[in-house]
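What follows is a short report on a single structure.
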Amino acid sequence: MPNNPGLKIGARLYDATYYQGNAITVRPDGWDRGEGVVVYSLASLGLRRLGSLQAPLEAAASDHPFRQAIGCVTHVTVWAYRPDTWPDHLDEHGTTWQQYSADTADLGTWAARTKYVRVWQQANDGVFDLDLLTEDSFRAPITIME
């Protein structure tokens, strides 16, 4: 289920540009906690396309009222094809998959290309998702929700 109540922040996915149309909130998978990666088909989320998205930041707890720090960044990775395994090469970035980590009002050509989506979080000091694509990296299992 995309809405896990144990997590506070999720990405908001819209089927139209400029944050309009049908929308769903998808909570991040548990990859940052050592769990597997969860990828959803747009059909399983009830979306016909992905036109825009909101990927919020979560502030870190601070004991100083005038200091703010980023605690977690919400990322949205999209694929044009079913991602059965991690890509072997980073050169596939932009051709078979794309990643967003900020609100994006218009996904442009990726609005029509996107078939699968993953929402995940990265702590301020956490491992970045692209690190998983190196030869020696940990290969998290991928669960595809159709």
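Structural remarks
- Looking across region 90-130 at every residue that is at pLDDT below 75 and acidic (Asp, Glu), the one that is surrounded by the fewest Cβ atoms within 10 Å (Cβ to Cβ) is identified as 125.
Quick grid of which residues meet (1) under 20 Å from residue 104 (Cα atoms); (2) in contact with a Phe, Trp or Tyr (Cβ under 8 Å, 6 or more places away or on another chain); (3) not small (Gly, Ala, Ser):
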| position | (1), (2), (3) |
| --- | --- |
| 13 | yes, no, yes |
| 16 | yes, no, no |
| 20 | yes, yes, yes |
| 36 | no, no, no |
| 43 | no, no, no |
| 56 | yes, no, yes |
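- Considering residues of region 27-43 that are surrounded by fewer than 18 Cβ atoms within 10 Å (Cβ to Cβ) and either among the aliphatic types (A, V, I, L, M) or closer than 22 Å to residue 17 by Cβ (or both) only, the residue nearest to the chain's Cα centre (by Cα): 41
- Flag: residue 47 does not match the condition of being of a type in the set (A, V, I, L, M, F, W, C), modelled with pLDDT of 95 or more and outside any loop (DSSP other than H, G, I, E, B).
- Test: residue 15 is in contact with a strand residue (DSSP E or B) (Cβ under 9 Å, 6 or more places away or on another chain), within 13 Å of residue 114 (Cβ to Cβ) and either surrounded by 16 or more Cβ atoms within 10 Å (Cβ to Cβ) or at pLDDT below 95 (or both): yes
The values are calculated or read from the model by the stated rules, or taken from the named source; none is laboratory data. Keep in mind that what you see is a predicted model, and the values were worked out from it rather than measured. Every residue, glycine as well, gets a Cβ built from its backbone with ideal geometry; the counts of neighbours run over all protein chains shown.
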